[in-house]
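Single-structure report; data block below.
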Amino acid sequence: MDNKEMMQRLTDKVGREKAIELVLQAYNTELVTTWLSRLEPGKPLGGPKRHDHLGDALRRVVEVCELTVGSLGR
């Protein structure tokens, strides 16, 4: 399932504004988690990795919605 499909399913279940709010909060959490992991002492810094923070955020929100609202129609 791609990002557009996940967002559409979220929008169908919780409405456009709530879906945007939930994904934005999850996206910010993904960014902060990435930044914090880079600040851990003694952790080797690898080369730059490109993470799909938006995709990760969408997947997290979909997982939570499936637990609370029911299936989002996989």
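Quick check on segment 32-41. Is at least one of its residues on the phi < 0 side of the Ramachandran plot, of a type in the set (A, V, I, L, M, F, W, C), at pLDDT 85 or above and within 11 Å of the chain's Cα centre (by Cα)?
no
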Legend entry - Identity of the residue in segment 42-55, at pLDDT below 90 and in a helix (DSSP H, G or I), that ends up nearest to Thr11 (Cα to Cα): Leu54
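The values are calculated or read from the model by the stated rules, or taken from the named source; none is laboratory data. Just so it is clear, the structure is predicted and the values come from calculations on it, not from any experiment.
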